[in-house]
Amino acid sequence: MSTYDKIAWLPLCGGLTGVGLVLSYLVMRRRGFGSGLRGAAWSLLPLAAYLTGAIEMFWKMGVAIGDFATGFVFSPKVWSGIIVAGLSVVLFVASGPLRRRRVKRGKEPRATETAAGPAGALSATTPGSQLTTRTPAPAKAPVKARKGKAGADDDDDDLGDVADILRRHGIN
């Protein structure tokens, strides 16, 4: 494996910049001045990276990523962690439909059921007695909408309908 210090970076970057500038000149003659300038801008980047020291930074980043990947692939500890994380994801995904199913079954309790438990549930009067079932409370009959005045405008009639709906739901 080669190290950063064993590579002659200046000739490499200078050569890439030179080849890029020649190709940019050819592109400029063929496609126009704008394309040639863009090619020249790209061609100057390797020399700029060498002069600013960015190549050494990119080299160190590549080595770090390579070391991480090597340790990642060949480590049984890492693979056991991946398996545990995968199991966690499977459990999260499986719990979603189960929670939705439970919510659908256990509908919202009614106001009369909250104090005495759900309607039709089994209850024991004393610890040793037999179980009895509760009967649900009778539901209220829906209130009929009142008829509007015969000569009222449509806007007033609409507001009357809204008022009736609110009144039926106990909102004043």
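Only the coordinates and a few stated rules stand behind these numbers; no lab work does. From a predicted model like this one, the values you see are computed outputs, not experimental measurements.
Using Cα-only point scatterers and the Debye equation, what is log10 of I(q)/I(0) for the range 2-91 at each q in 0.13, 0.16, 0.26 Å⁻¹, rounded to two decimals?
-0.65, -0.75, -1.14
What shape does the range 12-63 take by its C-alpha gyration tensor, where a ≥ b ≥ c are the square roots of the eigenvalues and a/c under 1.5 counts as rounded, a/b above b/c as prolate, and the rest as oblate?
prolate
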